[in-house]
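The structure appears right after this line, and notes come after that.
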Amino acid sequence: ADAHARYSAARPKSAEIHTRAREHLPGGNTRSVLFYTPFPTAMARGEGARLWDVDGREYTDLLGEYTAGLFGHSEKRILDAVKMALDNGINLASVGVAEGQLAAILCGRFPSLDMVRFTNSGTEANMMALAGARGFTGLSDVMVARGGYHGGVMTFGSEKNAVNVPLPLHFMDYNDAEGAAASIRALKGRLGAVLVEPMLGSGGCIPASRAFLAALREACTETGALLIFDEVMTSRHSEGGLQKLHGITPDLTTLGKYVAGGMSFGAFGGRADIMGVFDGHKPGTLPHAGTFNNNVWSMAAGNVAMGEIFKGEAVTALHARGEKLRAALNAACAGLPMQFTGIGSMMCVHFRSGDIIRPYKAEPSEEKLRELFFFDMLEAGFYLARRGMAALSLPVTDEDCERFASAVTEFVALRRPLF
Ligand code: PLP
């Protein structure tokens with residue numbers, strides 16, 4: 001209650017924006033993930049890795065737009081590419097040169113991509129990948145992991161949330177290699193696709209073991225179900241995503257988030273024979289339309305983002321900075337039931353000890369600490385996801401990371417009686 005009161009008193013303009021928005025937007029927002037009580041902070045402006053809210057408070061942006069903001073808020077080369085594209089006319093209802101170039105860049109980087117198609121979001125990318133898999137195999141059923149997240153429309157992370165999934169759905173437990181492989185084998189002849197994040201992002205930055213992914217790969221190859229890696233968040237972990245780091249190649253991959261420099265984006269792709277179901281040169285192909293699929297600003301920004309900026313040393317340096325930060329954060333809470341899981345530049349706080357291999361039902365005491373952590377960090381000037389996730393962007397500096405680690409050390413000292 002104290003944290004809420006202090007938070008609210010410092011943010012009268014955010015409170016007012018929320019009250020007004022609630023009149024016409026249920027919950028006062030149009031992205032469920034941005035909602036938290038008592039009301040979310042409304043940001044007014046961003047520059048590099050800094051944010052300013054409508055009440056004039058400054059933050060270091062450690063959320064990086066849930067991984068889509070990898071380039072920060074004012075990367076000049078991206079802004080120039082977008083402006084130049086728009087100067088040539090807002091969407092032209094035609095194919096352009098930029099989309100073929102971006103497709104070539106992505107296929108050159110991700111081991112599983114022979115061919116790719118673009119969408120407006122990661123959500124659509126997953127829906128289209130499933131459509132492609134079901135069309136190619138002629139098999140209807142799909143398997144996903146409990147606690148996974150594949151987008152805001154078909155929210156199939158749990159039996160309860162799968163209200164809008166119009167296909168026969170099966171669930172596996174994350175990192176249960178034997179159980180998942182057995183379920184896949186039991187569904188042979190029905191199961192067309194297994195869709196999985198190689199690290200759960202929204203589910204708490206919980207990495208998959210290589211053994212789990214390898215077991216999925218083997219069972220899918222054996223039964224004819226297609227293995228789809230949702231790398232919408234994890235593709236940043238190497239030039240060719242987590243699939244390249246693990247040396248495990250899925251049949252299809254979905255991408256999104258930062259790939260178009262922060263503009264709206266999604267992509268799905270994979271083996272040439274599978275993606276051939278969308279080839280208009282062939283008879284009986286599956287449709288895949290979408291007014292903004294090749295919008296000129298995303299395509300232009302994507303070329304610069306992936307072709308010129310986020311490659312080589314930039315990828316490894318961001319990964320290393322994240323690893324170093326996570327080690328410092330874990331050192332700050334050593335010995336307590338608190339830890340930061342993740343890979344490279346993505347991490348999430350958990351208030352329990354022991355290995356975390358899949359999502360869990362948190363105790364009320366854990367939820368309380370998680371909430372306090374979020375509000376204490378905001379107070380200290382660090383913007384994170386409400387669930388305690390951070391995703392570093394390129395403009396975040398070592399000094400920013402050191403300040404954050406110090407803030408976490410202070411949190412641990414102040415809140416120790418609650419652990
Ligand atoms: N897949 C994963 C792993 C995600 O984390 C997200 C978004 O958070 C999506 C898919 C959906 O992407 P979008 O929000 O662009 O629809």
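Values in this text are rule-based calculations from the coordinates and carry no lab data. Source: prediction; values computed, not measured. Please note: Cβ atoms are built from the backbone with ideal geometry, for glycine as well, and neighbour counts cover all protein chains shown.
Scaling the Cα radius of gyration of the chain by the globular reference 2.2 N^0.38 Å produces a ratio of 0.98.
The mean sequence distance of close C-alpha pairs (under 8 Å, at least 6 residues apart), as a share of the length of the stretch 76-309, puts its relative contact order at 30 percent. Please identify, among Ser94, Ser345, Ser235, the residue showing maximal mean-square fluctuation in a Gaussian network model of the chain using a 10 angstrom Cα cutoff. The residue that fluctuates most here is Ser94.
About its Cα centre, the dipole of the stretch 320-413 is roughly 360 debye, where the only charges are +1 on Lys and Arg Cβ and -1 on Asp and Glu Cβ. Full extension of the chain between Glu58 and Arg185 gives 40.4 nm of extra length, using 0.36 nm per residue less the Cα-Cα distance. Compared with the dominant principal axis of the Cα atoms in the chain, helix 97-109 is inclined by about 80°. Highest mean packing first, where packing is the average number of other Cβ atoms within 10 Å per residue, the peptides 335-341, 206-212 line up as 206-212, 335-341.
Between Ala331 and Asp398, the simple label model (points 7 Å from Cα in the Cβ direction) yields a spacing of 1.3 nm.
Normalised by the number of residues in the stretch 234-390, the mean separation of alpha-carbon contacts (under 8 Å, six or more apart) gives a relative contact order of 15 percent.
Only beta bridges with both residues in the stretch 76-309 are counted; by DSSP, about 45 percent of them are antiparallel.
The helix-based estimate of mean residue ellipticity at 222 nm for the chain, built from -39,500 (n - 2.57) per DSSP H run of four or more residues and divided by its residue count, is -11500 deg cm²/dmol to the nearest 500.
Given Lys324/Lys361; Lys76/Lys311; Lys244/Lys311; Lys160/Lys361; Lys160/Lys188, which pairs have Cα atoms separated by over 21 Å?
On the way: Lys324/Lys361 29 Å; Lys76/Lys311 17 Å; Lys244/Lys311 14 Å; Lys160/Lys361 14 Å; Lys160/Lys188 25 Å.
In this structure, Lys324/Lys361; Lys160/Lys188 exceed 21 Å between Cα atoms.
Gain on full extension, evaluated as 0.36 nm per residue between Leu92 and Thr409 minus their Cα-Cα distance, stands at 108.8 nm. Ordering Asp114, Asp279 by the number of other Cβ atoms within 10 Å of each residue's own Cβ, fewest first, gives Asp279, Asp114. Exposure proxy ranking for Met346, Met154, based on other Cβ atoms within 10 angstrom of each Cβ and starting from the fewest, stands as Met154, Met346.
Against the chain, whose longest principal axis is taken from its Cα atoms, helix 76-87 shows a tilt of about 60°. Of the beta bridges in the chain, as assigned by DSSP with both residues counted there, near 60 percent are antiparallel. Take the Cα of Leu418, step 7 Å toward its Cβ, do the same at Arg45, and the gap between the two points is 3.3 nm. Summing charges over neighbours of Asn29, with a neighbour being any other residue whose Cβ is under 14 Å away from its Cβ, gives +3 when K and R count +1 and D and E count -1. Near Ala211: Cβ cut-off under 11 Å, other residues only, Lys/Arg at +1 and Asp/Glu at -1. The net charge is -1. Within the chain, Cys107, Cys220, Cys333, Cys401 have no other Cys Cβ under 4.7 Å of their Cβ and so lack a disulfide-compatible partner by this rule.
The angle between the Cα long axis of helix 210-223 and the main principal axis of the chain comes to about 30°, on a 0 to 90 degree scale.
Let me know the charge dipole size of the stretch 76-309 about its Cα centre in debye, to the nearest 20, where only the beta-carbon of Lys, Arg (+1) and Asp, Glu (-1) is charged.
Working: 18 positive and 20 negative charges, 23 e Å.
Using only the charged Cβ atoms, the result is roughly 100 debye.
Considering only the other residues whose Cβ falls under 15 Å of the Cβ of Ala10, what net charge follows from Lys and Arg at +1 and Asp and Glu at -1?
Net charge in that neighbourhood comes out at -3.
Over the chain, Cα pairs under 8 Å with separation of 6+ residues give a relative contact order of 21 percent.
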